[in-house]
Structures are given as structure tokens and as C-alpha cells.
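The values are calculated or read from the model by the stated rules, or taken from the named source; none is laboratory data. For clarity, every value in this text was computed on a predicted model and none was experimentally measured. Ideal geometry is used to build each Cβ from the backbone, glycine not excepted, and the neighbour counts take in all protein chains shown.
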Ligand SMILES: [Zn+2]
């Protein structure tokens, strides 16, 4: 018979989304017991959190956030935002070009307070994992990525920030950006970024994908790209990314964000692409609130692809709102993706928790015995209330300690 280490924290009467009501005991940063309520005594001295029948979930995962750009919209006005969203996103590339103007305002001391605020807001809303894109280009240099790297260190132990060195203006269109991405990786960025669809023509798009995947493979890192952010079925860079992942042995280590053009493919082409994504372990991130053209999320899930929702933007040149609240993102998605039935509401929560963790390949993520003691205690007792109210969790627990 083995004895468990004494719990330092116990969450009692925790309602799991599968309906079980359990006590969760945590010690040494891990979940040591997850048992039906009242079946294992809470030892004296343990910190007690009474969930009182409220839902207890895994922490939220934000699989896609442009963290360097948070709250930069007031710096440049909304001409870029208008161009990005007008005409059903038909001229979104011009919006990206206009948004480049914000880079003249890039100073670490200007960006860092907004970045800190976004991570603190996220933490209050239960977000403990963020895949953070930071622009690396000849206008921004490494300023954006250095600001995000500094914030990553400040929040270490409370929020895991995975930093994507992201060449927002392309690498062939913006000579010098590729070298800057390599510098950003050497400076501590975690993931090689890309945006192949912004390049001029198929050959340059292929070259962009090839460059990024070759670099990721050489460095032993993951790759994350923005693909096909326009309502035009001629765009094909999500497939290019999946093929390149296979060529470079990056199976299970790639993410495509936006991938909006896929929604304009015919059924056969959609299915072929999604099957390829599943085979190579390419995760997809959809952001239906930041643009009117959307990835077919439910079809992707039905074909076994890992899918997440992301906050994407917080008051920047692409989107005027955003509170770093993944429940709010899921609530918006319920309307925008037409997902309102009870089973679909459960899927929406998966898209910002377990499914998002699959997209990012987070090791150990989950609420079970032996997993890290990272969990959220909510006031809501039903998933429908969790989404409808999209309120911050009552208690945010990280490694068995209350952090918010
Ligand atoms: Zn984005």
C-alpha cells in the first residue's frame, strides 16, 4: 500500500463537465487525488477551496494572440481595420499593409505595459497558456519580440507564454525579415512564425513555407503560421504548410491560424485538406470574431483535426475589442459558428481548453490524477451558464497555488 504526499490544497465539491462531483487534492504542484466528494478526508492544514457544486475546469489556452499589438489601435486610427474587414475581407492584405504604420510607434517601454495588462487580464480570466505572436520585420526590428520576451519572464510560473517570431510582412516581400526571425529565435523566441499567403504568388508562398519549416526543423522547434486570411479559394498555403511539415519531419509540431480561405473550398477539397492536416498533426486555430470568413470548425473536428479558438487581437489594427477572455471568444463563436446545442456548447469549451492544448502540444495538460494542479473554480454550475455569463473564474489555481 502506498501513501500519498499530504495535500497542500483541496478543492471540494467540484463539478466536472462530465457530471461527476469530486474532491481534488493537490500537493507538490500536482493533482494527487480526484475522488467522489467526501470519500477521502481533507487532512487538517490543507488550504480549502469550496467549489460548492460549481464547475471546475482545466485552465484556458489561448492558441493565437498578437501580443505585441495589444491596444495599439489608438496609435494609428482605424483605416487599417476598415481595409482588413471591408467587402467581406476581400482586401484584407491591404489592411495588413496599412497596419505596418504602427511600427513607427514601437518602443519596448510603450508596448510592455499593454502586454503586461493583457496577460494579467488573461490570468484573471483563467488563461494560463498563450501562444503569443510578436512581429519581427524590418519596420519593427526585434522591438516587439523583445517586449513580449520580457513579459514572458515576468509571468513565468503563472502564465506559460510561447513566443512566435512572426514575420508579419512576409520574408520575400520584406528582405531582411528572415534574418531577423533567426535573431529572434537566438534571443529566446520559442516558435518559428510565418505568413505565406501574404507573399506575391504561389512560388514565393511555397518558398516562404519551405524557409520557415526548414528553420524550425534545424532548430528543433515548432512552427506556427497565419494561412489564407482572405475569402479566396485560390489560396492554398494551409496545404503547403502541411506538406512541408511532412517533408521536414515536423509532424505534430505545426499550427495554422485563421485559414479562412478553407471555408471557400468545395467539399472534396476541404475534406482532403483536413485529412492531410490530421495525418501530419497540423493544428488549426479559428478566430471567427475577428473576420467574417471562417474555417469550417465542426467539419475539421469531425475529421479528427485538433482545433482551437484564439483571442487573436485586443484593440489593435484588426479588431477593436478583446478582454483576453476565452469564454467570451467561445460565446461569440457560438453565434458566429452557429453552435448552440448542448453538445456544441461542450465542444466550444473544449476549443479553449483540451482541444486547444492538443493544438499547441502542451505536455501534461488535463484535469486528472498525476497532472499539474492547474485548474479553475467557476461560480457557474452548468456549461451554458459558463458561456452565457463568460465571467472570470472565482479561483484560478496554478501548480496547486491560488494565483488569482
Ligand atoms: Zn491573427
*Going by the structure shown, is residue 123 more than 16 Å from the ligand (Cβ to nearest atom), at pLDDT 95 or above, buried (at least 20 other Cβ atoms within 10 Å of the Cβ) and farther than 30 Å from residue 349 by Cβ?*
no
*Based on what the data block shows, is residue 221 surrounded by fewer than 20 Cβ atoms within 10 Å (Cβ to Cβ) and either outside the structural domain of residue 162 (by TED's automatic domain parsing) or under 20 Å from residue 360 (Cα atoms) (or both)?*
yes
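Yes/no per residue for (1) touching a strand residue (DSSP E or B) at 6+ places or on another chain (Cβ under 7 Å); (2) over 22 Å from residue 185 (Cβ atoms); (3) within 16 Å of the ligand (Cβ to nearest atom):
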position	(1), (2), (3)
203	no, yes, no
208	yes, no, no
214	no, no, no
232	no, yes, no
248	no, no, no
253	yes, no, no
259	yes, yes, yes
*residue 40, sole failed condition from (1) assigned by TED's automatic domain parsing to the domain that holds residue 165; (2) buried (at least 16 other Cβ atoms within 10 Å of the Cβ)*: (1)
*Selection count where residues are over 18 Å from the mean Cα position of the chain (by Cα) and part of a helix (DSSP H, G or I), scope the stretch 242-282*: 23
*Checking residue 263 against (1) crowded, with 22+ Cβ neighbours inside 10 Å; (2) within 16 Å of the ligand (Cβ to nearest atom), which single condition isn't satisfied?*
(1)
*asked:* Would you confirm, using the coordinates I've provided, whether residue 227 is in contact with a helix residue (DSSP H, G or I) (Cβ under 7 Å, 6 or more places away or on another chain) and away from the ligand (no atom under 13 Å from the Cβ)?
replied: no
*asked:* If a residue must be in a helix (DSSP H, G or I) and either away from the ligand (no atom under 16 Å from the Cβ) or surrounded by fewer than 20 Cβ atoms within 10 Å (Cβ to Cβ) (or both), how many such residues does the stretch 283-305 contain?
replied: 5
*Of the numbered conditions (1) more than 16 Å from the ligand (Cβ to nearest atom); (2) over 18 Å from residue 160 (Cβ atoms), residue 322 satisfies every one except a single condition; which is it?*
(1)
*Can you give me the number of residues within the stretch 79-96 that are under 26 Å from residue 107 (Cβ atoms) and surrounded by 15 or more Cβ atoms within 10 Å (Cβ to Cβ)?*
6
*Residue within the stretch 45-66 that is without any contact (Cβ under 8 Å) to a residue 24 or more places away in the chain and more than 16 Å from the ligand (Cβ to nearest atom) present*: no
*Picking from 380, 334, which residue would you name as being outside any strand (DSSP E or B) and over 19 Å from the mean Cα position of the chain (by Cα)?*
380
_With the structure loaded, tell me whether residue 143 is outside the structural domain of residue 292 (by TED's automatic domain parsing) and either surrounded by 15 or more Cβ atoms within 10 Å (Cβ to Cβ) or under 21 Å from residue 403 (Cβ atoms) (or both) or whether it fails that test._
no
